[in-house]
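A.B. asks: Quick one: the structure is below, questions incoming.
The values are calculated or read from the model by the stated rules, or taken from the named source; none is laboratory data. Quick caveat, the model's predicted, so the values are computed rather than measured. Ideal geometry is used to build each Cβ from the backbone, glycine not excepted, and the neighbour counts take in all protein chains shown.
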Amino acid sequence: MQQGLLRGDEQTLEAFYEKYFSRLYRYIYYRVWRDHHHAEEVVNDTFVEALEKMARYDPDRGSMEAWLIMTSRNRIRSSNATMGRAHEYETSWSMMDGELDTIFADLEAQNLQETALENEELGNLVGKVMGSLPNEYSKLLEMKYIMEYSTREIASLMKKTEKAVESKLTRARAAFRKVFSGMSTEEI
């Protein structure tokens with residue numbers, strides 16, 4: 001695919017966009033406070049940047065999807081800063097250090113994961129929590145639970161040991177749980 005994109009092949013470009021748009025959009029959507037227009041703008045900017053830098057993509061360092069997500073992170077940051085949300089994120093991140101495992105376990109145990117995420121109120125709350133976590137935590141949780149990567153795949157993409165990833169995932173889940181608990185009681 002990379003070679004076709006470098007040549008500017010229109011069919012390859014269309015296949016590339018269709019293959020990665022949905023997952024990239026989902027990743028970005030929660031990082032821009034569930035703002036559809038903002039998310040689409042960042043996705044398109046990410047694709048443009050990725051195509052401009054396609055020659056730098058190295059498949060040995062990770063999947064195309066992971067590379068696109070990494071590329072989107074700076075776009076998300078600069079876009080949020082432009083919209084005046086960067087300070088809000090920074091303030092929230094400095095306050096976090098909490099919990100997530102129980103929430104996903106509860107959702108799975110009740111077979112509510114898909115239904116609950118479709119529930120607008122819960123979806124908004126999860127989006128706010130993900131947006132308020134430190135970047136490294138939200139990135140790990142998205143890779144694990146949204147993109148459904150295994151711990152081994154995450155370790156490979158991040159060039160870390162599986163044990164280091166498991167440890168950081170434990171802290172990220174704890175941070176999610178703490179923030180979620182605080183926000184859900186505020187919402188009620």
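A.B. asks: If residue 138 passes every condition in (1) outside any loop (DSSP other than H, G, I, E, B); (2) modelled with pLDDT under 80; (3) closer than 30 Å to residue 58 by Cβ; (4) not aliphatic (A, V, I, L, M) but one, which one does it miss?
C.D. replies: (2)
A.B. asks: Among the residues of segment 89-107, is any among the hydroxyl-bearing types (Ser, Thr, Tyr), modelled with pLDDT of 75 or more and touching a helix residue (DSSP H, G or I) at 6+ places or on another chain (Cβ under 8 Å)?
C.D. replies: No: zero hits.
Let's see how each residue does on (1) within 22 Å of residue 136 (Cα to Cα); (2) in contact with a Gly (Cβ under 8 Å, 6 or more places away or on another chain):
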| site | (1), (2) |
| --- | --- |
| 5 | no, no |
| 19 | no, no |
| 30 | yes, yes |
| 37 | no, no |
| 43 | yes, no |
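A.B. asks: Further question on the same structure: With the requirement that a residue be over 17 Å from the mean Cα position of the chain (by Cα), in a helix (DSSP H, G or I) and not charged (D, E, K, R), what does segment 8-28 give you?
C.D. replies: Within segment 8-28, 11, 12, 13, 15, 16, 17 meet the criteria.
A.B. asks: Provide a single number: the residues in segment 14-29 that are out of contact with any Phe, Trp or Tyr (no Cβ under 9 Å at 6 or more places or on another chain), at pLDDT below 90 and not charged (D, E, K, R).
C.D. replies: Result for segment 14-29: 5.
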